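Step one of this worksheet: look at the structure below.
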Amino acid sequence: MQKIVIRGGRALRGTVTVSGSKNAGLPLLFASLLTRERCTIHGLPRVADITTTLRLLEGLGVLVGDGEFATIVVEARTLTSSEAPYELVRTMRASFLALGPLVARTGHARVSTPGGCAIGSRPVDIHLAGFERLGARIRQTHGYVEAEASRLRGARIALDFPSVGATENLMMAATLADGTTLIENAAREPEIDDLAAALCKMGAKISGAGTSVIRIDGVRELGGFDHEVIPDRIEAGTLLLAGAITGGEVHVARARADHLDALVAKLEEAGVAVEARADGITVRGAALLAAADIRTSPYPGFPTDLQAQFMALMALGKGQSVITETIFENRFMHVQELVRMGADIRVDGKTAAVRGVAALSGAPVMATDLRASVCLVLAGLAAQNTTEVLRVYHLDRGYERLEEKLSTLGADIERVRA
């Protein structure tokens, strides 16, 4: 067991570079299952979810190159299995993205259902309804989903909710379907657009990615691709919030303002100076933070993956902020840990009322999920005295070398044995 120890109260200053996007890199890795040819992905972050996906691909018979981690070469020339087992899927929900490429290419897939997670249930029914529209025969048994189709056929699919995972899964499957597929109420996140760009390099015919209607004209086969993953907008937002919460001045190199419009608007509302340039984004902390309300919603709304971090910032804002979480029902589990550090927060269902305090106080706290863990790190950076964050394995799922990056900005932070 490990923990992160933070001695807070230091204003962060300097430049830090954001890593490649985990949430964009994962579907790119699964897209390699659609072709026999070599696929090269540049800029993947060294995080637990990426390494888990590589293990899963190897279990399916995919050859994974031994070069530098930042450039991963995968080749699914011969697939030896069409099953994604529970022991891997249970550790990472994105593993369910194996279903679409496998059934599209091999005609059969058996993938463990991922179940719920700490921040709330994310049922796969929306995925399965879409696959049935594409002509797949779906059977659920013994905790697995089995999908079969001699060849998928194009269809009009109207999603009940703009699910990122369902949009990615169905878009990948539809590239090899017979005919045209329309995905309506599709997710619009930048990660969707990045996946579509890579699929088009493979020979797919896709238009409308990044809008609410995506059209895919199926082709008989796909080739390989060479693609660089987009910067991680959630990590970029987290680093910007680290600068803001400590009252420092931080430039996040490679951060894209066009991917973070909602966060930038709320930072400015809170009194934080934000400067977007071609090479990244700079924040300058405010002498006195103002309160700002947020309501999470699908892109381009305020991202649920930055809600916990923004709450830590508002814990120090003057007045009361109202934070409404509309995506996941259990995504306020970090609240009690922030309260242990002196925050004044009251939760009523999907809404948290955050009344700003003059200062936070260091304390032992426990992470419950990925974004909650980094929320507590941010709070510890701004708090007086020492904060210890336990269960940091959550953090390792989505942040690459976070302590090192924060240290380069002047943070007093280290990882030690618990």
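Tell me, which residue of the range 287-318 that is aromatic (Phe, Trp, Tyr) and touching a Phe, Trp or Tyr at 6+ places or on another chain (Cβ under 9 Å) is farthest from GLY237 (Cα to Cα)? Spell out how you get there, then give the answer.
Our first condition is that a residue be aromatic (Phe, Trp, Tyr); within the range 287-318, this holds for 299, 302, 310.
Right, trim to touching a Phe, Trp or Tyr at 6+ places or on another chain (Cβ under 9 Å) and you get 302, 310.
On the way: PHE302: 11, PHE310: 9 Å.
So, considering only residues that are aromatic (Phe, Trp, Tyr) and touching a Phe, Trp or Tyr at 6+ places or on another chain (Cβ under 9 Å), the one farthest from GLY237 (Cα to Cα) is PHE302.
Give, as residue ranges, the helices (runs of 4 or more DSSP H) completely inside the range 321-418 that count at least 3 residues that are touching a Leu at 6+ places or on another chain (Cβ under 8 Å). So that I can check it myself, show each step before the final result.
Details: elements: 335-340, 370-382, 393-396, 402-408.
Correct list: 370-382, 402-408.
So, in the range 11-54, exactly how many residues are surrounded by fewer than 24 Cβ atoms within 10 Å (Cβ to Cβ), among the basic types (Lys, Arg) and under 15 Å from the mean Cα position of the chain (by Cα)?
1
Take the residues in the range 372-398 that are small (Gly, Ala, Ser) and out of contact with any helix residue (DSSP H, G or I) (no Cβ under 8 Å at 6 or more places or on another chain); name whichever of them is surrounded by the most Cβ atoms within 10 Å (Cβ to Cβ). First the steps, then the outcome.
Taking the range 372-398 as the starting set, the residues that turn out to be small (Gly, Ala, Ser) are 372-373, 379-380, 382-383, 398.
Adding the requirement that they be out of contact with any helix residue (DSSP H, G or I) (no Cβ under 8 Å at 6 or more places or on another chain) leaves 380, 383.
Numbers: GLY380: 29, ALA383: 27.
Of everything passing the filter in the range 372-398, GLY380 is surrounded by the most Cβ atoms within 10 Å (Cβ to Cβ).
Residues in the range 103-112 that are within 16 Å of GLN140 (Cβ to Cβ) and either hydrophobic (A, V, I, L, M, F, W, C) or more than 25 Å from the chain's Cα centre (by Cα) (or both): how many? Steps first, answer last, please.
Restricting attention to the range 103-112, the residues satisfying the condition of being within 16 Å of GLN140 (Cβ to Cβ) are 103, 108-112.
From what's left, either hydrophobic (A, V, I, L, M, F, W, C) or more than 25 Å from the chain's Cα centre (by Cα) (or both): 103, 108-109, 111.
Looking only at that region, the number is 4.
Within the range 7-30, which residues are of a type in the set (A, V, I, L, M, F, W, C), in contact with a helix residue (DSSP H, G or I) (Cβ under 7 Å, 6 or more places away or on another chain) and more than 25 Å from ASP49 (Cα to Cα)? Steps first, please.
Just the residues of the range 7-30 that are of a type in the set (A, V, I, L, M, F, W, C), to begin with: 11-12, 16, 18, 24, 26, 28-30.
Pick out the ones that are also in contact with a helix residue (DSSP H, G or I) (Cβ under 7 Å, 6 or more places away or on another chain) and you get 12, 16, 18, 24, 26, 28-30.
Once the filter is applied, which keeps residues that are of a type in the set (A, V, I, L, M, F, W, C), in contact with a helix residue (DSSP H, G or I) (Cβ under 7 Å, 6 or more places away or on another chain) and more than 25 Å from ASP49 (Cα to Cα), the range 7-30 yields only LEU12.
Determine, yes or no, whether ARG36 is in a helix (DSSP H, G or I) and among the basic types (Lys, Arg). Reasoning before the result, please.
Working: in a helix (DSSP H, G or I): no; among the basic types (Lys, Arg): yes.
Criteria not met by ARG36.
Please enumerate the residues belonging to the range 365-391 that are touching a Ser or Thr at 6+ places or on another chain (Cβ under 9 Å) and charged (D, E, K, R).
ARG371, ARG391
Given the conditions (1) buried (at least 24 other Cβ atoms within 10 Å of the Cβ); (2) in a strand (DSSP E or B); (3) not acidic (Asp, Glu), report the number of the one that ARG295 does not fulfil.
Condition not satisfied by ARG295: (1).
For THR324, indicate whether it is surrounded by fewer than 19 Cβ atoms within 10 Å (Cβ to Cβ), closer than 17 Å to CYS375 by Cα and assigned by TED's automatic domain parsing to the domain that holds LEU12. Steps first, answer last, please.
Values: surrounded by fewer than 19 Cβ atoms within 10 Å (Cβ to Cβ): yes; closer than 17 Å to CYS375 by Cα: yes; assigned by TED's automatic domain parsing to the domain that holds LEU12: yes.
For THR324, the condition - surrounded by fewer than 19 Cβ atoms within 10 Å (Cβ to Cβ), closer than 17 Å to CYS375 by Cα and assigned by TED's automatic domain parsing to the domain that holds LEU12 - is met.
Among the residues of the range 129-145, how many are buried (at least 19 other Cβ atoms within 10 Å of the Cβ) and modelled with pLDDT under 95?
1
May I ask you to list the residues in the range 335-354 that are within 17 Å of ALA383 (Cβ to Cβ) and either of a type in the set (Val, Ile, Thr) or surrounded by 16 or more Cβ atoms within 10 Å (Cβ to Cβ) (or both)? Reasoning before the result, please.
Let us first name the residues in the range 335-354 that are within 17 Å of ALA383 (Cβ to Cβ), namely 335-345, 354.
Matches in the range 335-354: VAL335, GLU337, LEU338, VAL339, ARG340, MET341, GLY342, ALA343, ILE345, VAL354.
Take the range 263-281 and flag every residue that is part of a strand (DSSP E or B), of a type in the set (A, V, I, L, M) and more than 16 Å from LEU313 (Cβ to Cβ).
The answer is ALA276, and nothing else.
The values are calculated or read from the model by the stated rules, or taken from the named source; none is laboratory data. Small disclaimer: the values here were computed from a predicted structure and weren't measured. We place every Cβ from the backbone using ideal geometry, glycine too, and count neighbours over all the protein chains shown.
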